[in-house]
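Presented below is the structure to which this report refers.
The values are calculated or read from the model by the stated rules, or taken from the named source; none is laboratory data. Quick caveat: nothing in here was measured; it's all calculated off a predicted structure. Virtual Cβ from ideal backbone geometry, glycine too; neighbours counted across all protein chains shown. Side chains included, ligands, DNA and RNA excluded: accessible areas come from the protein's heavy atoms. Shrake-Rupley method; radii C 1.70, N 1.55, O 1.52, S 1.80 Å.
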Amino acid sequence: MTDTYATHLPVLRALLEGGQIRSALEFGMVFASTPLLVERCERVVSIEMQSVEWHDRVQATIGDAPNWDP
């Protein structure tokens, strides 16, 4: 079964592989792309607008990465 929240990952991975994208501004934190951005970018700012609970769940999963401003 396909994760409908992760269908963009192949495209995002391809964009990040070139190494030219060093920072990201993300609207909507997701368990699929947020960890990938934090892993591959020098700086990531994530903005979660749906709920504090969702923000806290994603942040707890990823942890305190020095390059991530959730």
Subject >> Estimated distance in nm for a label pair at Thr61 and Met49, the labels positioned 7 Å out from Cα along Cα-to-Cβ >> reply: 2.1
Original post:
Counting Lys and Arg as +1 and Asp and Glu as -1, each charge on the Cβ, what is the dipole of the chain about the Cα centre in debye, to the nearest 20?
Top reply: 220
**OP:** Scan around Glu26 for amide H atoms under 5 Å from its own, H built in the peptide plane at 1.01 Å from N, and keep only partners 5 or more places away or cross-chain.
**Re:** Val45, Ser46, Ile47
**OP:** Provide the per residue accessible area, probe 1.4 Å, for the chain, rounded to a whole number of square angstrom.
**Re:** 70
Subject >> Within the accessible area of segment 4-70 (1.4 Å probe), percent carbon and sulfur >> reply: 54
Original post:
Amide H to amide H, which residues 5 or more places from Phe31 or on other chains are under 5 Å from it, using H placed in the peptide plane?
Top reply: none
